[in-house]
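Written below as structure tokens is the structure these notes are about.
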Amino acid sequence: MKTLRKDTARTQKNLLIAASKIFAEKGFRDTTVAEISKRAKTNLAAINYHFGDKETLYREAWRHSFRESIKIYPPDGGVDEKASPEHRLTGRVMALLRRITDDGNAEFSIAHQELAKPTGLLEEVMHQEFEPLQQRFESLVHEILGPHSSKIQVRFCAISIMSQCVLPSFINRIEKRKKNPTKNSWRIDDIEGYAKHVVSFSLAGMAAIGRYNKKHITSKDVYSPVRSNKKEYASKTD
């Protein structure tokens with residue numbers, strides 16, 4: 001019985017690995033379950049047994065590739081939780097950039113395919129996996145911005161930092177497919193150097209917001225990540 005369970009688990013894992021690679025290469029619509037079962041060296045009955053249908057396999061393949069990439073690139077970047085907020089931000093930005101620019105990262109490639117040809121099948125599973133990371137990241141941003149920061153300020157700053165990381169990764173993947181890369185391309189090869197830039201640029205911006213908040217915002221306007229029902233405050237620009 002133990003041997004059977006090991007074989008069953010191995011077959012399931014092989015299907016997830018094969019599906020992740022093919023979905024990353026072709027997207028959901030252009031991938032067939034026959035192709036997946038062939039690459040996994042199993043049969044269609046195994047897909048039905050473990051996942052029920054192609055849609056479920058698609059969702060679970062993305063979840064598997066996401067969790068595998070998180071194992072390789074832990075979100076905290078290996079920085080101790082007792083380190084300064086600035087060092088923890090550096091660790092998170094570095095880990096994110098390394099993860100999403102890794103050519104072997106099926107998670108991001110599947111997401112790229114989903115953006116190009118949307119199916120809507122990944123919305124729920126992505127929310128489940130991303131939400132805890134998003135909450136921890138926003139908590140860190142709130143810590144850096146200071147106690148006078150509003151919920152909307154925290155959200156906007158978090159989005160800004162993430163966007164600085166995600167856009168170059170898309171450009172990198174597009175450029176790598178070209179035989180003759182575009183001159184003066186925005187492709188990023190120095191990941192560590194760019195990560196330091198993102199952090200320093202973001203810290204400077206958040207410091208400016210923090211100074212503004214100290215002068216103009218009262219305690220009743222601030223955002224607490226614990227008490228999420230606090231009044232949101234949209235900062236004004238001078």
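The values are calculated or read from the model by the stated rules, or taken from the named source; none is laboratory data. Please read these numbers as outputs of a predicted model, since none were measured by experiment. FYI the Cβ positions are ideal-geometry reconstructions off the backbone, even for glycines, and counts take in every protein chain you see.
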I'd like to check something: does region 143-166 contain any residue that is modelled with pLDDT under 90, surrounded by 19 or more Cβ atoms within 10 Å (Cβ to Cβ) and closer than 24 Å to ALA83 by Cβ? yes
Looking at region 115-158, which of its residues are basic (Lys, Arg) and assigned to a helix (DSSP H, G or I)? ARG136, LYS151, ARG155
Just to be sure, is ALA40 farther than 29 Å from ILE171 by Cβ, free of Cβ contacts under 8 Å to residues at least 60 places away in the same chain and buried (at least 19 other Cβ atoms within 10 Å of the Cβ)? yes
Residue among ARG63, ARG98, ARG59 that is within 20 Å of ASN172 (Cα to Cα), under 20 Å from the mean Cα position of the chain (by Cα) and assigned to a helix (DSSP H, G or I): ARG98
When every residue in region 6-29 that is over 12 Å from LEU57 (Cα atoms) and hydroxyl-bearing (Ser, Thr, Tyr) is compared, the one surrounded by the fewest Cβ atoms within 10 Å (Cβ to Cβ) is THR8
Got at least one residue in region 20-32 being among the charged types (D, E, K, R), out of contact with any strand residue (DSSP E or B) (no Cβ under 7 Å at 6 or more places or on another chain) and in a loop (DSSP other than H, G, I, E, B)? yes
What about SER37, is it modelled with pLDDT of 95 or more, of a type in the set (Ser, Thr, Tyr) and not assigned by TED's automatic domain parsing to the domain that holds GLU175? yes
Does ARG63 qualify as being at pLDDT 95 or above, of a type outside the set (Gly, Ala, Ser) and within 30 Å of ILE159 (Cα to Cα)? yes
